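Input: a single structure, listed below in structure tokens.
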Amino acid sequence: HSLKAQTPGGGVLALSPLGTGKFLAGTFRQGPGKDSKQSLVGDGATYPVTLCRGEEFLHPRLAVDGRDQTLYSYQPPKNFGDGLETGSLAGTGADSGKMEQVVRHILSRKFPHIHGLLVLKNDRLVLEEYFYGYGPQDPHPVQSVTKSVFSLLFGIAEGQGLLGRSKKLFDYYPASPGKGGWDPRKDQITLENLLTMTSGLGCDDTKDSDSCSWAMVSSSDWLNFSLSLPIREAPGTHFAYCGACLTPLGALLEDKSGLKLPQYAQKYLLGPLGIQAPLWWEGPGNTHSPAFGLALTPREMAKIGCLVLDKGKWKGRQVVPEDWILKSTFIQVPARKTGKEAGYGYLWWVREAPWHGKKLRVLDAWGVGGQHIFIVPGLNLVCVLTGGNYKEGGLNHSFEVLREVMDSF
């Protein structure tokens, strides 16, 4: 049987069985309604869609009788020989009963739409669970976690002498097409301002009714769009979360290194971690955004978490300069200015979480929908979450999951 559905904004999804019927394939046509503002395609555009996860896509897990699975008993993760060391909760000081309860809360939908949960203690993967048909080999869109990955790339490039935080953005673009009706305040924007979301450029993805980052995606020249943004505030004085504002940083890294962004990442960061050429969404003119578009498996996200926890080292090798890890995860913009319950570093969120009557520092690579690399240095702990909570705001239950995980130790 074929499936046809329409979104509130007028989009049309049409799917039909493919092959043996295990897959549904078809198209989605974007409608002109309000949901088009949050789409990667323009009004009336059509792109292919394939669904292949069957019933599990609608259920956290299915039991043998076809009903939701709610029972759970802990099993240590498997070692796939991918460079990620595995272990067991036994010997970590964890309360396995409490950790099992975290998983049961996901299975019972107390924490809905969690696709993956990984917990690493002392650089060993001690819990690995997947839901809604996902598995360890499935790349997952990590959304704005891409920003934190790019922060590591910037740190590597700065260590190589290619880029510097104190440099002025428009010293690199003196003939920028965006200089018509020029506001001299733009000349004061530094690369550090971009890294801390304090450039003053007229773009705030969390507050503006029309996201300028989505508008950039629809444009034919991402770099020109970003450089042409008007300025609202004096650089360094106002926090505004803007993905489009990071595009020039990616372009500069490519220009100075002679490598495209995915190639540079593979050579200097991902390759050394044993991560093989992940997906990175491509824009016009072979453009890749430092702000979004990367897809990683949860295990690959876990490796990045361990790298940051170990101050830039992976298996004894200094991949990212240690001083960059310390500076980029230091609060550059306090929570009272970000408007969140977290401060901001260089493309990293920094927050606190309660733990047995104390407050522990938590580093957070945070992507919309529930994508997180949580790092808790005080517990030598990394917690990776992937999810699909795109209709929810805020932390999408993720922080509650983290707190239950932390409480297990």
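The values are calculated or read from the model by the stated rules, or taken from the named source; none is laboratory data. The shown structure was predicted, so the numbers you read here are calculated from the model rather than taken from an experiment. Ideal geometry is used to build each Cβ from the backbone, glycine not excepted, and the neighbour counts take in all protein chains shown. Each accessible area value is taken on the protein alone, full model and side chains, heavy atoms only, with ligands, DNA and RNA left out. Shrake-Rupley method; radii C 1.70, N 1.55, O 1.52, S 1.80 Å.
Here are the numbers for this structure:
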read-out: Selection count, segment 323-342, where residues are out of contact with any strand residue (DSSP E or B) (no Cβ under 9 Å at 6 or more places or on another chain) and part of a loop (DSSP other than H, G, I, E, B); value: 1
read-out: Complete set of residues in segment 194-234 that are farther than 25 Å from Glu282 by Cβ, open to solvent by 30 Å² or more (accessible area, probe 1.4 Å) and of a type outside the set (Gly, Ala, Ser); value: Thr206, Lys207, Asp208, Pro230, Arg232, Glu233
read-out: Residue list for segment 360-384, restricted to those being more than 10 Å from the chain's Cα centre (by Cα) and either assigned to a strand (DSSP E or B) or at pLDDT below 95 (or both); value: Leu360, Arg361, Val362, Leu363, Phe374, Ile375, Val376, Leu381, Val382, Cys383, Val384
read-out: Those helices (runs of 4 or more DSSP H) lying entirely in segment 174-251 with at least 1 residues closer than 19 Å to Phe292 by Cα, at pLDDT 95 or above and of a type outside the set (Phe, Trp, Tyr); value: 191-195, 222-227
read-out: Pairs where the first residue, in segment 130-145, is among the β-branched types (Val, Ile, Thr) and the second is surrounded by fewer than 22 Cβ atoms within 10 Å (Cβ to Cβ), C-beta under 8 Å, 6+ apart; value: Val142/Ala295
read-out: Cβ pairs under 9 Å, 6+ apart, first in segment 254-278 and under 21 Å from Phe80 (Cβ atoms), second hydroxyl-bearing (Ser, Thr, Tyr); value: Ile275/Thr297; Pro278/Thr297
read-out: Gln263 over 16 Å from Gly200 (Cα atoms), of a type outside the set (Ser, Thr, Tyr), surrounded by fewer than 18 Cβ atoms within 10 Å (Cβ to Cβ) and modelled with pLDDT under 95; value: no
read-out: Odd one out for Val320, checked against (1) surrounded by fewer than 19 Cβ atoms within 10 Å (Cβ to Cβ); (2) not in a helix (DSSP H, G or I); value: (1)
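Conditions (1) on the phi < 0 side of the Ramachandran plot; (2) part of a loop (DSSP other than H, G, I, E, B), marked per residue:
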residue: Lys98; (1), (2): yes, no
residue: Val103; (1), (2): yes, no
residue: Ile106; (1), (2): yes, no
residue: Phe111; (1), (2): yes, yes
residue: His115; (1), (2): yes, no
residue: Leu120; (1), (2): yes, no
residue: Leu127; (1), (2): yes, no
residue: Gly133; (1), (2): no, yes
